[in-house]
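Bear in mind that the values in this text are calculations on the coordinates, not laboratory data. Only a predicted model underlies this, so the values are computations on that prediction, with no experimental measurement involved. Note: ideal-geometry Cβ built from the backbone for every residue, glycine included; neighbour counts use all protein chains shown.
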Amino acid sequence: MSSTRIDTGTPCVSLQGLRVAFGRQTVLDGLDWALPVGQVVGLLGRNGAGKTTLIETLLGLRDADAGRVVLFGQSALALDDDARARIGYVPQRSDLFEWMTADQLLAYFRSFYPRWNTAKVDGLLSRWDIARDKPIAKLSGGQQQRLSIIRALAHEPELLVLDEPVSSLDPAGRRDFLRELVDQVVDLRTTVVFSTHILSDLERVALDVAFLSGGNIALHATLDDLLESSVRLAGAPADVQGFVSEHQLDAITRQGAAGPIIVRRRGAGGVPATTPAVTVEPVTLEDLFMALTE
Amino acid sequence: MRWVSWCITVVIHKDRSPRVTDSSLFSVVAGSAEPIYRQLVAQVRRCVAGGQLKAGDELPSVRDLAQSLAVNPMTVSKAYGLLEAEGLVTRRRGLAMVIAEQHRRAQPAADRIDLLRPTLERAAQEVRQLQLPAAQALILFKTILNEQEGD
């Protein structure tokens, strides 16, 4: 493991009081967030929650109406070339120059970066079966997405931002991509932000999850801790209410008239067991996604 | 019982070199309430209890297992760390994880059945929720066990 990078303890990215509105619609509403170096974070949110807006603002590609984004200690809106070269980005819609061939495109991008891993690029192009000499417009959607991923990995970025990177890939293609991401994390301690709707992919590689809802990060937690500390409670409302206060649980969902609620224990220790009045059941990431992104 | 099939693939190397467990011994179910590192720990625990993994058998390296399952290497490290803390595996020179010395043979059936209990408790709860008669659920379980053996 050849890592020459030094973890100084300062976050790789920090966002403070970020506000972005389109006309009268507020998308990000005073959002605060920080990504420590070397973390792999899954960004989750419903359609229209503002994931792409958040990612574009984080990268300095979009102006915020208020707030600050700091990347590698610099303002995202005034990044120097050195900082730019440390970022890899796979946008939701591939923005490749479609008249070029894959080889031409990669040669073009190579000229911008001081570091470029030719062996990795060649290996991925052949393993992922991408024609080098065909115009990009003639490649399939999945191949274009893979090319976009190769382009983002080629300069071995320290921060890798992926906006729905696997939406056009089949399950085998997604698995290949995850393996590549695993390698990247092992070898380079890359900080990764990864938005996707495919929770099963996210669970495999993201150690942390962040839920975007109501213009804010509703929760950022370690996935394992979240799964182990959260449960679904069912029973008569009064019984459930008593159970919640007795065991010092925090409600993640609001309790409806009768429906079950999801709660999270405060601090360490086990979750309480089922009683005759209240049933306690484990929850999955999908349950939490539904609960936290309402 | 899915774990029956998890515990069958072990690569045996020639002569006196340690048996290196194939990564295909492990599998990961996404979308589960059980975190991935706990799934891996439970799989090793079951295979050791059943005697499929024995003292001296080597687990795959963190990197190999992370690659083959396409999971974060930190998750594999966490599972191995927990297994080490439980005394199921020890760290050998060169960082390979091997099944600990005391696990020479399968555990007594009584201990193994304890490991099965939580899974069956969950199944029993589902039987009650579905309002199925116990006899019918037992017939289904028997049928499934026999199907697996026929494979």
Checklist entry - What GluC sites (Glu not before Pro) in segment B:44-99 are in a loop by DSSP, with at most 15 other Cβ atoms within 10 Å of the Cβ? => result B:GLU86
Next on the checklist: Which one, A:LEU44, A:VAL27, A:SER140, is farthest towards the positive end of the dipole of chain A when Lys and Arg carry +1 and Asp and Glu -1 on their Cβ?
Outcome noted: A:SER140
Checklist outcome for this item: Computed, not fitted: 222 nm per-residue ellipticity of chain A from DSSP H runs ≥ 4 (each -39500 (n - 2.57)), nearest 500, equal to -9000 deg cm²/dmol
Checklist entry - Residues with amide H under 5 Å of A:LEU212's amide H, sequence separation 5 or more or different chain, H placed in the peptide plane at 1.01 Å from N; which? => result A:LEU44, A:GLY45, A:ALA218
Next on the checklist: Let me check I've understood the local charge: for B:ALA109, count other residues with C-beta under 15 angstrom from its C-beta, Lys and Arg +1, Asp and Glu -1. What total comes out?
Outcome noted: +2
Next on the checklist: Quick check for me: using +1 on Lys/Arg Cβ and -1 on Asp/Glu Cβ, what's the dipole size of segment A:124-179 about its Cα centre, in debye to the nearest 20?
Outcome noted: 240
Checklist entry - Full extension from B:ALA55 to B:SER24: what is 0.36 nm times the residue separation minus their Cα-Cα distance, to one decimal in nm? => result 9.2 nm
Checklist entry - What list do you get for A:TYR89, A:TYR113 if you sort them by fewest beta carbons within 10 Å? => result A:TYR113, A:TYR89
Checklist entry - With charges only on Cβ, +1 for K and R and -1 for D and E, what is the dipole size of the protein assembly as shown about its Cα centre, in debye, rounded to 20? => result 680
Checklist entry - Tell me, B:VAL41, A:VAL231 in order of fewest to most beta-carbon neighbours within 10 Å? => result B:VAL41, A:VAL231
Checklist entry - Looking at B:GLN131, B:LEU120, B:LEU145, which one has the Cα that reaches farthest to the positive end of the dipole of segment B:109-150 (charges on Cβ: Lys, Arg +1; Asp, Glu -1)? => result B:GLN131
Checklist outcome for this item: Loop-resident chymotrypsin sites (Phe, Trp or Tyr not before Pro) in segment A:96-138 with no more than 12 other Cβ atoms inside 10 Å, DSSP not H/G/I/E/B, are A:TRP99, A:PHE112
Checklist entry - Given a cut-off of under 8 Å on Cα pairs at least six residues apart, what relative contact order in percent is computed for segment A:224-292? => result 42
Checklist entry - Helix A:118-127 versus the longest principal axis of chain A: what is the Cα-based angle in degrees, 0 to 90, to the nearest 10? => result 70
Checklist entry - Which one of A:GLY267, A:SER229, A:GLN248 has its Cα pushed farthest toward the positive end of the charge dipole of segment A:224-292, where Lys and Arg give +1 and Asp and Glu give -1 at the Cβ? => result A:GLN248
Checklist outcome for this item: For peptide A:219-231, the mean count of other chain Cβ atoms within 10 Å per residue Cβ is 2
Checklist outcome for this item: FRET efficiency (B:SER32, B:ARG93; Cβ distance; R0 41 Å; to 0.05) is 0.70
Checklist outcome for this item: Going residue by residue through segment A:52-66, the Karplus relation 6.51 cos²θ - 1.76 cosθ + 1.60 with θ = phi - 60° gives ³J(HN,Hα) values, rounded to whole Hz and with x marking Gly or Pro, of 5, 4, 4, 5, 5, 5, 4, 8, x, 8, 9, 6, 8, 6, 7
Checklist entry - Using r as the Cβ-Cβ distance of A:GLU294 and A:THR118, and R0 as 56 Å, what FRET efficiency do you calculate, to the nearest 0.05? => result 0.75
Checklist entry - Taking B:LYS78 as the anchor, which aspartates and glutamates have their alpha carbon closer than 12 Å to its alpha carbon, excluding any fewer than eight residues away along the same chain? => result A:ASP224
Checklist entry - Which residues does a label at B:THR119 reach in segment B:26-54, if reach means a backbone N under 12 Å from a point 7 Å past the Cα toward the Cβ? => result B:42-47, B:50
Checklist entry - Can you give the charge dipole size of segment A:224-292 about its Cα centre, rounded to the nearest 20 debye, using +1 on the beta carbon of Lys and Arg and -1 on the beta carbon of Asp and Glu? => result 200
